[in-house]
Amino acid sequence: MHRLLLLLACLAVLPLQAADETAAIVAADQARIAAMTRPERAALEAAFSDELRYAHSNGVVDTKASFLDSLLGGGTKYLDYEPVERTITFPAPGIALMGGRAKLQVEGASGRMEATLSYLAVWRKEGERWRFLAWQSCRLPAN
């Protein structure tokens, strides 16, 4: 009977923990977006995992080092970034998948792009904080 009560207590706490972790990931994502639209090395370093793999909607893939170079050097400028939809799931301890849509305005070597993207972002808990580990996106057709 004692084990059953302990199991029920643990199951009751799990949704609260998931809600806390979801809120922490949304806050981390907001910090990432702020760091990308107003690039500053310390904020970007804190948001991005050292193992970042960022696959842009045009097929270019960046590492943390190459993405930082592009953002800080002005090669890529995120002028506006508006999350439209976010769904977060937890497939394993310390891993979160964020799927959604976002409206972006980006300026790069080939000019300005305005697009709505569908994306999958992977977040990993590193120490006590959630860090941005991977991104894969595609452009959605204009409505």
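The numbers here are math on the coordinates, done by the rules we state, and not lab data. Small disclaimer: the values here were computed from a predicted structure and weren't measured. Glycine also receives a Cβ, built like all others from the backbone with ideal geometry; neighbour counts cover every protein chain displayed.
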Longest principal axis of the chain (C-alpha) makes with the long axis of helix 2-37 (C-alpha) an angle, in degrees to the nearest 10, of 10
What residues qualify as long-range amide H neighbours of Leu52, i.e. H under 5 Å apart, gap of 5 or more or another chain, H built at 1.01 Å from N? Lys64
Computed lengthening from Glu85 to Ala65, 0.36 nm per intervening residue step minus Cα-Cα distance: 4.4 nm
Whole-Å distance linking the alpha carbon centroid of the range 19-54 with that of the range 57-80 is 14
Which value in deg cm²/dmol, rounded to the nearest 500, describes the helix-derived mean residue ellipticity at 222 nm for the chain, given -39,500 (n - 2.57) per DSSP H run of n ≥ 4 and division by the residue count? -12500 deg cm²/dmol
Be a star and scan the range 108-127 for residues whose amide nitrogen sits under 20 Å from the point 7 Å along the Cα-to-Cβ vector of Leu140. 113-122
What do you get for GluC sites (Glu not before Pro) in the range 111-143 restricted to DSSP loop and a cutoff of at most 12 other Cβ within 10 Å of the site's Cβ? Glu128
Ala55 to Asp20: FRET efficiency via 1/(1 + (r/R0)^6), r the Cβ-Cβ distance, R0 30 Å, to the nearest 0.05? 0.55
Expressed in angstrom and ordered largest first, the alpha-carbon extents of the chain along the principal axes are 67, 37, 22
